[in-house]
Amino acid sequence: MAAGGVEEQRRRLGRLSALSVYRRAAGAGRLERRRRGTPLPAGGKRAKARPRRGGGASGGRQPEAPPPIAAPPGRVERAEARPRGGGAGGGKAPPPPIAAGIPEAKRQGGPEARSRGGGTGGGKAPPPIAVGIPEAKRQGGPAAGPGGPRPAGEDGGVVGLLQRLGRLEDSRQRGAELFRWLVSPVSPGEFLGRHWERAPLLVRRGDPGYYAGLFSTADFDAVLRGGQVDFGTHLDVTSYAEGVRETHNPSGRALPAVVWDFYQNGCSLRLLSPQTFSPTVWHFLSILQEHFGSMAGANTYLTPPGTQGFAPHYDDIEAFVLQLEGKKHWRVYSPRTGAEVLPQFSSANLTQAELGEPMLETVLEAGDLLYFPRGFIHQGDCLPDAHSLHITVSSYQRNSWGDLLEKLLPAALQMALEEDVEYRQGLPMDYLGYMGVANSDTADARRTAFMEKVQSLIKKLIRYAPIDAAVDQRAKSFLHDCLPPVLTQSEKAQSVYGFPARWQDGGPRDVDILITKDTEVRLLRHGIVRLCNEEAGVMLYYTTENSRVYHKEEPKFLEIDPEYTDSIEFLLSSYPNHVSVDSLPCETLEDKISLATLLFEKGILTTKKPLLQV
């Protein structure tokens, strides 16, 4: 049929888009905001029972080295900073691009958020106290960066960056250098002192290739064509127009023809946890998580020109917005009340009338970075002349002092009840007659004595607080959240994942792992293990068998004999140096070799040289 005939047929019959079918079948569905987070495991006392040596859960996926992807080199060029102009109202078209600025807001005091969408209004937004990007320029040009200069023939962009980081021996240094690159040209010290949990940071780089190779619309399309994306689980289709936020997810598989039809009809696409599909994003986040000491997650957002996909809201995570393609107009608003400063939970969708004036308004272009702490309200919309693709890297969800105390205080009270008779003594027989809200204004010596008793017991409770055990429980939860490590080619060759066991000539070959007293070993990463002393015994939790899918696997652990704890601590303190198996502080050589072999088989230890050359 001729092109003109097709167009005429569409005009006669009316073109049914995926969006129109959705609206007819399901109606407009309001967004139920997704919040990723799970309660931490309960804390426990120090175990006194002698544990057995044995294996933990199985079934984890093998860490692997990501395939090389070509990308152009990145660079940083800073634009001259000027004070930010005023912002437009919520429903108006975005203003022309404005000069970069870093408004520094005063942190508000007050309690943490009481509930999801907390805050009752009436509070004033913290005023900006500084404007302007620090005058800084990255040294070395596109060939320099973390891990040293880029050799000829090595990839540039993010892939080249990750390759250079792989040459660093210490995984902690890899994380620190990646974070330095992320906020560059602002130094990590300045960022932590002026912005972290305090105020937004805007970095204009003038370098569209800074994030090259991390994720692209071509990658997005390839993920869809892989046939493993489901609506709701992996992909959300959203819109925000005339103050109404809608989610348009059909059921079932997200096929390219349907997804791109939604996009063509003005819907935004949110790919949840792209690290599940993208080896580069997985590699990127697996390094950052060790630096943060908290789960590092991500979502990608693809928005059509001239549209907005989400209502104004604030989140319960520290957010780093990396503009990958196109450009996007952003407005950021200070927390409205003290209860919204560093909230525990994300807000519901907000209306434009609830916002007031933005403290920061800008247009992000490819290569730019926008950071804002949890509790800062934000919204982004596309300019009419360009699409937008950005990835939001997040961390520090439920990682506050209060979250630690939620686990620590019940454990402290339980120990106090078991060990101190004062906590088990009965309350006064007549205390109901003079305590309670109805008696709060009554002058009574018995009330004073009662209050002093409660205060005394609370102060005394610190003696029984198992602080280290509570921290270990949080670390155990963090290791369950972690992505598995991504191995460099040399690490793979020196680990069980590169061991040449295989089927050949009718039978298995090179199966035996021959570790001797002279074999030199070290941990694969500093942050991949945690010793926890629990009631069931001494457990060694590890991340090498985790899945790229969040909590797809149960926590991975080994139950070990207590006499092996010194050897685990020795390996941790020796990292990143290799040590001989004979130097492990076990009682016998057999124990040393047995422990090293077990840890090697789980991917926790690597050797200085491959155990077997083929």
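For residues that are open to solvent by less than 20 Å² (accessible area, probe 1.4 Å) and among the hydrophobic types (A, V, I, L, M, F, W, C), scanning just segment 296-323, find the one that is nearest to LEU269 (Cα to Cα).
By that ranking, first place goes to LEU302.
Based on what the data block shows, is ARG509 at pLDDT below 95 and basic (Lys, Arg)? Lay out the reasoning, then the answer.
Details: at pLDDT below 95: yes; basic (Lys, Arg): yes.
The answer is yes for ARG509.
Using beta carbons and a limit of 9 Å, which pairs, at least six apart or on different chains, have the first residue in segment 396-420 and within 25 Å of GLN344 (Cα to Cα) and among the acidic types (Asp, Glu) and the second one at pLDDT 95 or above and part of a helix (DSSP H, G or I)?
Listed by first residue and then by second, the contacts come to ASP403/ARG474.
Among (1) over 19 Å from VAL244 (Cβ atoms); (2) in a helix (DSSP H, G or I); (3) open to solvent by 10 Å² or more (accessible area, probe 1.4 Å), where does ALA353 come up short?
(1)
Here is a yes/no grid of residues against (1) in contact with a strand residue (DSSP E or B) (Cβ under 6 Å, 6 or more places away or on another chain); (2) closer than 26 Å to ARG174 by Cα:
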site	(1), (2)
TRP503	no, no
LEU514	no, no
ALA536	no, no
GLU545	yes, yes
VAL549	no, yes
TYR564	no, no
LEU571	yes, yes
SER580	yes, yes
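Filter segment 546-563 for residues that are farther than 22 Å from CYS482 by Cβ and either surrounded by 15 or more Cβ atoms within 10 Å (Cβ to Cβ) or of a type in the set (A, V, I, L, M, F, W, C) (or both); which is farthest from the chain's Cα centre (by Cα)? Give the derivation first.
Initial filter on segment 546-563 (farther than 22 Å from CYS482 by Cβ): 561-563.
Adding the requirement that they be either surrounded by 15 or more Cβ atoms within 10 Å (Cβ to Cβ) or of a type in the set (A, V, I, L, M, F, W, C) (or both) leaves 561, 563.
Details: ASP561: 33, GLU563: 35 Å.
Top of the filtered list is GLU563.
Counting just the residues of segment 564-592 that are under 19 Å from GLY537 (Cα atoms) and over 35 Å from the mean Cα position of the chain (by Cα), which one comes out most open to solvent (accessible area, probe 1.4 Å)?
Filtering segment 564-592 for residues that are under 19 Å from GLY537 (Cα atoms) and over 35 Å from the mean Cα position of the chain (by Cα), the one most open to solvent (accessible area, probe 1.4 Å) comes out as ASP591.
Under 6 Å by Cβ, and 6 or more places apart or on different chains, what pairs join a residue from segment 181-205 that is under 16 Å from ASP368 (Cα atoms) and small (Gly, Ala, Ser) with one that is modelled with pLDDT under 95 and open to solvent by 40 Å² or more (accessible area, probe 1.4 Å)?
Partner pairs satisfying both residue conditions: SER184/ARG138.
Test ARG530 against the stated conditions and say whether it is open to solvent by 70 Å² or more (accessible area, probe 1.4 Å), over 18 Å from VAL579 (Cα atoms) and not hydrophobic (A, V, I, L, M, F, W, C). So that I can check it myself, show each step before the final result.
Values: open to solvent by 70 Å² or more (accessible area, probe 1.4 Å): yes; over 18 Å from VAL579 (Cα atoms): yes; not hydrophobic (A, V, I, L, M, F, W, C): yes.
Here the answer is yes, as ARG530 does meet what is asked.
Could you check, for segment 467-474, whether at least one of its residues is surrounded by 15 or more Cβ atoms within 10 Å (Cβ to Cβ), in contact with a Phe, Trp or Tyr (Cβ under 9 Å, 6 or more places away or on another chain) and hydrophobic (A, V, I, L, M, F, W, C)?
There is no residue in segment 467-474 that is surrounded by 15 or more Cβ atoms within 10 Å (Cβ to Cβ), in contact with a Phe, Trp or Tyr (Cβ under 9 Å, 6 or more places away or on another chain) and hydrophobic (A, V, I, L, M, F, W, C).
Among the residues that make up segment 328-340, is at least one of them touching a residue at least 12 places away in the same chain (Cβ under 8 Å), surrounded by fewer than 22 Cβ atoms within 10 Å (Cβ to Cβ), over 19 Å from CYS382 (Cβ atoms) and of a type outside the set (Val, Ile, Thr)?
Let us first name the residues in segment 328-340 that are touching a residue at least 12 places away in the same chain (Cβ under 8 Å), namely 328-340.
Now drop any that are not surrounded by fewer than 22 Cβ atoms within 10 Å (Cβ to Cβ), which leaves 337-339.
Next, from what is left, pick out any that are over 19 Å from CYS382 (Cβ atoms): 337-339.
After this cut, where a residue has to be of a type outside the set (Val, Ile, Thr) as well, the list is 338-339.
The answer is yes; a qualifying residue exists.
Within segment 369-376, identify whether any single residue is outside any loop (DSSP other than H, G, I, E, B) and of a type in the set (A, V, I, L, M), and answer yes or no. Spell out how you get there, then give the answer.
The initial filter retains those residues of segment 369-376 that are outside any loop (DSSP other than H, G, I, E, B), namely 369-372.
Checking the rest, the ones that are also of a type in the set (A, V, I, L, M) come to 369-370.
Looking through segment 369-376, at least one residue is outside any loop (DSSP other than H, G, I, E, B) and of a type in the set (A, V, I, L, M).
Give the residue that is farthest from ASP472 (Cα to Cα), with candidates limited to residues of segment 538-570 that are among the β-branched types (Val, Ile, Thr) and not in a helix (DSSP H, G or I). Working first, answer last.
If we filter segment 538-570 for residues that are among the β-branched types (Val, Ile, Thr), which is where we start, we get 538, 543-544, 549, 560, 565, 568.
Then drop every residue that is not not in a helix (DSSP H, G or I), which leaves 538, 543-544, 549, 560.
On the way: VAL538: 12, THR543: 15, THR544: 18, VAL549: 23, ILE560: 16 Å.
So, considering only residues that are among the β-branched types (Val, Ile, Thr) and not in a helix (DSSP H, G or I), the one farthest from ASP472 (Cα to Cα) is VAL549.
Give the residue that is least open to solvent (accessible area, probe 1.4 Å), with candidates limited to residues of segment 498-527 that are charged (D, E, K, R) and more than 30 Å from THR276 (Cβ to Cβ). Even if it seems obvious, please write down each step before you answer.
Quick first cut of segment 498-527, residues charged (D, E, K, R) only: 502, 505, 509-510, 512, 517-518, 520, 522, 525.
With more than 30 Å from THR276 (Cβ to Cβ) added as a condition, the list becomes 505, 509-510, 512, 517-518, 520.
Working: ASP505: 126, ARG509: 91, ASP510: 55, ASP512: 109, LYS517: 87, ASP518: 106, GLU520: 71 Å².
It comes out as ASP510.
Say whether the condition of being under 25 Å from LEU350 (Cβ atoms) and open to solvent by 40 Å² or more (accessible area, probe 1.4 Å) is met by at least one residue in segment 423-435.
Within segment 423-435, the first condition is being under 25 Å from LEU350 (Cβ atoms), and the residues that meet it are none.
So far as segment 423-435 goes, no, none of its residues is under 25 Å from LEU350 (Cβ atoms) and open to solvent by 40 Å² or more (accessible area, probe 1.4 Å).
Among the numbered criteria (1) farther than 28 Å from MET295 by Cα; (2) in a strand (DSSP E or B), which one does VAL393 miss?
Tallying (1) farther than 28 Å from MET295 by Cα; (2) in a strand (DSSP E or B), VAL393 fails exactly one: (1).
Strands (runs of 3 or more DSSP E) wholly in segment 485-537 with at least 3 residues that are within 27 Å of the chain's Cα centre (by Cα) - which ones? Working first, answer last.
Values: elements: 502-504, 507-509, 520-523, 529-534.
Ranges flagged: 529-534.
The values are calculated or read from the model by the stated rules, or taken from the named source; none is laboratory data. Since the model is a prediction, treat every value here as computed from it, not as a measurement. For neighbour counting, all protein chains shown are included, and Cβ atoms are generated from backbone atoms with ideal geometry for every residue, glycine included. Ligands, DNA and RNA are excluded from the accessible area calculation, which covers all protein heavy atoms including side chains. Shrake-Rupley method; radii C 1.70, N 1.55, O 1.52, S 1.80 Å.
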